[in-house]
Amino acid sequence: MAVRKILKMGDPRLLRVAQPVTQFDTDALHLLITDLLDTMAAANGAGLAAPQIGVDLQVVIFGTGAVSPRYPDAPPIPRTVLVNPVITPLAGPEGGMEEAEDWEGCLSVPGLRAVVPRPARVRYTGFDQYGDPVDRTVDGFHARVVQHECDHLVGTLYPMRVRDFTRFGYTEIFFPGLDGPVEDDN
Ligand code: NI
């Protein structure tokens with residue numbers, strides 16, 4: 001069990017395309033998941049990807065279980081371990097691809113928030129740490145979080161997806177009181 005250092009934007013390790021996991025239910029994989037969970041909990045995050053702690057593997061965790069202090073208005077998301085994920089955007093009820101906009105932050109981009117456009121509804125598949133398949137169709141904040149975390153596995157950070165830079169700025173300006181001082185906001 002360990003709280004690991006979270007890499008910040010600018011570190012080239014955040015820009016790599018992560019390697020797939022080839023062996024499940026191993027001590028090394030369980031240790032990685034434990035470290036990710038401990039690190040996410042210590043930072044009050046809604047999700048964390050292995051590359052954010054410098055591990056070049058396709059592993060993400062997310063979910064708040066209860067209310068997230070960093071996203072107090074967001075509905076709870078089940079605690080999820082997702083290995084070797086594949087995300088497929090889905091058409092909305094009207095048939096066309098729907099896009100949604102909402103605020104995002106990132107533990108690797110401390111102190112900032114932005115409105116990020118993303119597909120509103122996605123299916124995600126992959127495996128848990130034991131190699132059991134995961135297959136969910138989701139929308140809302142759940143869809144946003146899984147897309148944000150899986151972006152970390154292909155070297156994409158949310159600022160790269162921002163279109164409207166008038167809605168990209170400091171958390172303490174857009175959401176006064178939501179986070180502590182910028183120095184503490186991981
Ligand atoms: Ni992130």
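Under a 10 Å cutoff between Cα atoms, tell me which one of Val21, Val59, Val116 has the largest fluctuation in the Gaussian network model of the chain. So, out of Val21, Val59, Val116, the one fluctuating most is Val21. Residues of the range 35-76 falling in the label zone of Leu15, defined by backbone nitrogen less than 20 Å from a point 7 Å along Cα to beta-carbon, are 49-58. A simple spin-label model places the labels of Thr88 and Ala100 1.9 nm from each other, with each point 7 Å out along Cα-to-Cβ. Its DSSP H runs of at least 4 residues, each contributing -39,500 (n - 2.57), put the calculated 222 nm mean residue ellipticity of the chain at -5000 deg cm²/dmol, to the nearest 500. The fraction of all Cα pairs in the range 1-139 landing in successive 10 Å bins from 0 to the largest distance is 11, 38, 40, 11, 1, given as whole percents. Averaged per residue, the range 1-72 has 48 square angstrom of accessible surface, using a 1.4 angstrom probe with ligands and nucleic acids left out.
If you plug the beta carbon distance of Arg136 and Thr22 into 1/(1 + (r/R0)^6) with R0 = 22 Å, you get a FRET efficiency near 0.40.
Using heavy atoms of the protein chains and a probe of 1.4 Å, the accessible area assigned to Glu149 is about 10 Å². Summing Lys and Arg as +1 and Asp and Glu as -1 over all other residues whose Cβ lies under 9 Å from the Cβ of Leu82 gives a net charge of -2. Near Phe24, once Lys and Arg are set to +1 and Asp and Glu to -1 for all other residues with Cβ below 14 Å from its Cβ, the sum equals -4. FRET efficiency for the Asn44 to Val154 pair, using the beta carbon distance and R₀ = 22 Å, is estimated at 0.30. Remark: accessible surface ordering of Asp102, Asp35 (largest first) is Asp102, Asp35, probe radius 1.4 Å. Neighbours of Phe174, meaning other residues whose beta-carbon lies under 9 angstrom from its beta-carbon, give a summed charge of +1 when Lys and Arg score +1 and Asp and Glu score -1.
The values are calculated or read from the model by the stated rules, or taken from the named source; none is laboratory data. Owing to the predicted nature of the structure, the values given are computational and were not obtained by experimental measurement. Heads up, the Cβs are rebuilt from the backbone with ideal geometry, glycines too, and the neighbour counts pull from every protein chain shown. Surface accessibility is based on the protein's heavy atoms, side chains included, excluding ligands, DNA and RNA. Shrake-Rupley method; radii C 1.70, N 1.55, O 1.52, S 1.80 Å.
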